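The values are calculated or read from the model by the stated rules, or taken from the named source; none is laboratory data. Keep in mind that what you see is a predicted model, and the values were worked out from it rather than measured. Cβ sites come from the backbone with ideal geometry, for glycine too, and all protein chains shown count toward neighbours.
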Amino acid sequence: MTSPAPTRANIYGHRARIGYTSPPLTTEIFPYEFYRIVPAGVTLVITTLAIVVRSKGEVDQSYDISMKAAREMAAAGVDIVVLGGVPINLSKGHANAEQMIVDLEAELKVKISTSAAAQARAAKALGCKKVVVAQPYELSETDRIASYGAHFGCEVLGATGWGSAFNQIGRIPRHAALEMGRKLMREHPDADSILLPSPHWPTADAIDALEREFGVNVMAAHQAIVWDALRRCGVDDRIAGFGRLFREF
């Protein structure tokens, strides 16, 4: 016997179903912080990609998987597909990343976003201009990751890294973002914003604390991705506890 199709009001994701292609093959932090932030009635539809050590081969493979996942998510009826991973988003060039969104939306008839586009929109909404960047990975990655600030329209005054291997990011302590943010603000008091790139390490608890302590904007990648997806799906709740972005925009 075939069950009747459920009405939207009777499913968990009755307000929004958000698709996300998650770069780490072993994804842990993103869904945990997602469900801490979103209101009831919003669900996450997730596909993990192929990133373990962030090699070019893994990035190329992940791009291909994300294209297939986007099509399957659209077929499953999600409200938006967010393609994760700034290096994956930009792997074929900035112009291609923007055109990819246009082409996929036309093909799949569903809203499409990317990690890079969401963070650029969040930085613009907050008015981020002079920023410092605290990133979770090896120190050798700091300059590369900090350079994304320019893509988001910001001047980068300083940056630092926690030093974690990519496949160990789930073991980064919850105080890491707070500690690095404080260090950077002491070194660069003229900064108006702190950027916390990568949505796969614990940042949710640092956002409000750093904004209150230093009177600056804090934009975390995870926060920006979730905010952008919610707003594009028409979920306009003002959410306390995770920064100005959710409270005011």
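Observations, loosely collected:
- Contacts under 7 angstrom Cβ, first residue in segment 59-85 being surrounded by 15 or more Cβ atoms within 10 Å (Cβ to Cβ), partner among the charged types (D, E, K, R), 6 or more apart: Val78/Arg17; Asp79/Arg17; Asp79/Lys111; Ile80/Lys111; Ile80/Arg232
- In segment 225-249, the qualifying residues are those that are hydrophobic (A, V, I, L, M, F, W, C) and in contact with a Leu (Cβ under 7 Å, 6 or more places away or on another chain), and the one that is farthest from Ile37 (Cα to Cα) is Leu245.
- Filter pass, Ser55 being over 22 Å from Asp228 (Cα atoms) and either at pLDDT below 95 or in contact with a Ser or Thr (Cβ under 6 Å, 6 or more places away or on another chain) (or both): yes
- Single condition Arg71 does not satisfy, out of (1) under 19 Å from Ala224 (Cβ atoms); (2) touching a helix residue (DSSP H, G or I) at 6+ places or on another chain (Cβ under 7 Å): (1)
- On the stretch given as segment 187-240, residues that are on the phi > 0 side of the Ramachandran plot and either crowded, with 18+ Cβ neighbours inside 10 Å or touching a residue at least 40 places away in the same chain (Cβ under 8 Å) (or both) total 2.
- Test: Leu230 is of a type in the set (A, V, I, L, M), assigned by TED's automatic domain parsing to the domain that holds Ile37 and within 26 Å of Arg17 (Cα to Cα): yes
- Of all residues in segment 147-167, those being part of a helix (DSSP H, G or I) and modelled with pLDDT of 95 or more number 0.
- When segment 24-72 is filtered for residues that are over 17 Å from Leu83 (Cα atoms) and assigned to a strand (DSSP E or B), only Val42 remains.
- Search result, residues across segment 16-37 that are over 22 Å from Ile172 (Cα atoms) and surrounded by fewer than 21 Cβ atoms within 10 Å (Cβ to Cβ): Ala16
- Going through (1) closer than 29 Å to Ala209 by Cα; (2) at pLDDT 95 or above; (3) out of contact with any strand residue (DSSP E or B) (no Cβ under 7 Å at 6 or more places or on another chain) one by one, Val82 falls short only on (3).
- Some residue of segment 90-110 being touching a strand residue (DSSP E or B) at 6+ places or on another chain (Cβ under 8 Å) and under 26 Å from Asn217 (Cα atoms): no
- For segment 160-181, the criterion of being buried (at least 24 other Cβ atoms within 10 Å of the Cβ), more than 19 Å from Cys128 (Cβ to Cβ) and among the aromatic types (Phe, Trp, Tyr) is met by no residue.
- Within segment 204-249, being of a type in the set (Val, Ile, Thr) and part of a helix (DSSP H, G or I) holds for Ile207, Ile225, Val226.
- Residue list for segment 73-118, filter: among the basic types (Lys, Arg) and either more than 20 Å from the chain's Cα centre (by Cα) or assigned by TED's automatic domain parsing to the domain that holds Tyr137 (or both): Lys109
- A single entry from Ser198, Ser140 fulfils the requirement of being among the hydroxyl-bearing types (Ser, Thr, Tyr) and in contact with a Pro (Cβ under 6 Å, 6 or more places away or on another chain): Ser198.
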